[in-house]
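Here's the structure, in structure tokens; my notes come after.
The values are calculated or read from the model by the stated rules, or taken from the named source; none is laboratory data. Predicted, not measured: the structure shown is a model, and the values here were computed from it. Here the Cβ positions follow ideal geometry from the backbone for every residue, glycine too, while neighbour counts run over all protein chains shown. Side chains are part of the model used for accessible areas, which takes the heavy atoms of the whole protein and leaves out ligands, DNA and RNA. Shrake-Rupley method; radii C 1.70, N 1.55, O 1.52, S 1.80 Å.
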Amino acid sequence: MKKRLLNLLLIVGAGIIFWLIVTHPLNWGVSEELGDGFVITSDQSLLYREGNAEYFVLPFGVKKYAYNTKWIIARTEGYAVTRNSQNKKSLNPPHYWIIDKETPIHHSKQDSIVLYINGVAYPVITNGLMGPMDSLSFVDAIKKYNIPLVIN
């Protein structure tokens, strides 16, 4: 009798676990889809996804962001950034970024940039990335491109 009750409890428990997994799937690191292949992950990276491939847009440190069908604006913190290794001047955090989602993304060397974050190179493949900017340059760019988004 105890053996049957134990088997029944195991079957019911497995059924409940299966039901929870099916009805509440894990995101496996995806926090939010931003549209057009752009994704903010749970580790605060902004990625561009095409099929099974993922490309860095902002490798990590995205603390705040806003988006619509055309634009993504983001604020990153926690690291110094330069766009090339020869540029000795790096911007200290926070950094502001604008991504034009309507700009076609090409996966060629001429369309990629390398961000040096705390001395480590991160290849970033996107044509629509503007930044890093300080807060004043960011506000000017928001006005210039008439971007109807705000980062609080």
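Out of the strands (runs of 3 or more DSSP E) lying entirely within segment 57-116, which hold 3 or more residues that are surrounded by fewer than 17 Cβ atoms within 10 Å (Cβ to Cβ) and modelled with pLDDT of 75 or more? Even if it seems obvious, please write down each step before you answer.
Numbers: elements: 62-67, 71-76, 95-100.
Where strands (runs of 3 or more DSSP E) fall fully within segment 57-116 and carry at least 3 residues being surrounded by fewer than 17 Cβ atoms within 10 Å (Cβ to Cβ) and modelled with pLDDT of 75 or more, they are 62-67.
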Inset, instruction - Show the residue pairs that are 6+ apart or on different chains and have beta-carbon atoms under 8 Å apart, the first residue being within segment 50-78 and farther than 22 Å from ILE117 by Cα, the second being open to solvent by 40 Å² or more (accessible area, probe 1.4 Å) and among the aliphatic types (A, V, I, L, M). - result: ALA66/VAL150
